[in-house]
1. What are the radius of gyration and Dmax of the range 61-129, computed over its Cα atoms and given in Å?
2. Sum up the charges of everything whose Cβ sits under 12 Å from the Cβ of Leu113, counting Lys and Arg as +1 and Asp and Glu as -1, but leave Leu113 out.
3. State, to one decimal in nm², a quarter of the convex hull surface area for the C-alpha atoms of the range 58-101, i.e. the direction-averaged projected area.
4. Angle check, please: helix 26-37 long axis (alpha carbons) against the longest principal axis of the chain (alpha carbons), in degrees 0 to 90, nearest 10.
5. Based solely on its DSSP helices, what 222 nm [θ] is calculated for the chain when runs of n ≥ 4 H residues each add -39,500 (n - 2.57) and the sum is averaged over all residues, nearest 500 deg cm²/dmol?
6. Mind pulling the angle between the C-alpha long axis of helix 5-19 and the longest principal axis of the chain? Nearest 10 degrees, somewhere in 0 to 90.
7. Could you state the angle between the C-alpha long axis of helix 64-81 and the longest principal axis of the C-alpha atoms of the chain, as a value from 0 to 90 degrees rounded to the nearest 10?
8. Within the chain, which is the longest segment that contains none of the chymotrypsin sites (Phe, Trp or Tyr not before Pro) sitting in a DSSP loop with at most 12 other Cβ atoms within 10 Å?
Amino acid sequence: MITGHLPAGYLATNLILKRLKMPVSRAWLFFGMLAAILPDFDLIYFVFQGNNEFGHRYYFSHKPFIYLALLVVLYIVYLFNKKAWFKTALIVFFVNVFLHFILDSYFVGISWLWPYNNKLFGLVELNYQLGGRGMAYFHHWYFGVEVLLWLLAGALVLKNKFKK
């Protein structure tokens with residue numbers, strides 16, 4: 001997934017807030033969309049560090065175990081303060097981060113078993129004969145999923161804008 005994490009985060013955050021009967025605000029949407037792209041912040045380092053021999057999905061920000069450990073710590077913090085906003089923040093944040101991992105698991109994969117195994121587990125390896133990893137992606141039906149996410153998010157934005 002190249003840009004689909006952002007609209008997926010928008011859609012997921014809307015759904016979560018509605019299920020929790022919380023008002024959908026710009027702050028919550030921004031927070032959810034930021035969480036949805038957070039694992040890809042490693043791309044900044046990946047692009048500028050110069051050694052692109054290994055993919056950015058081997059960096060720590062793409063390790064589900066790191067986020068599970070963080071979830072345990074933050075859940076313990078929540079048990080001591082029991083604030084409704086903190087619970088909502090935990091749900092929005094971790095649903096969006098793990099949605100990112102699920103979407104990335106189709107192509108190339110994610111190190112789901114790290115720290116025990118650093119292997120990327122994915123469903124499809126791209127055909128590099130189509131002009132490299134990027135070009136092969138645009139020729140695959142999964143790119144249509146990305147376009148669909150943008151269309152759905154755009155439709156929801158318009159619906160919410162004209163509902164008021």
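Just so you know, all these numbers are worked out from the coordinates, no wet-lab data involved. Only a predicted model underlies this, so the values are computations on that prediction, with no experimental measurement involved. Counting neighbours? That spans all protein chains shown, and the Cβs are built from the backbone with ideal geometry, glycine included.
1. Over the range 61-129's Cα set, Rg and Dmax evaluate to 15.1, 55 Å.
2. That sum, taken over residues with Cβ under 12 Å, equals +2.
3. Orientation-averaged projected area of the Cα hull: 2.9 nm².
4. Between helix and principal axis, roughly 30 degrees.
5. The per-residue figure over the chain is -20000 deg cm²/dmol.
6. For helix 5-19, the angle is close to 30 degrees.
7. 10 degrees
8. It runs 55-115.
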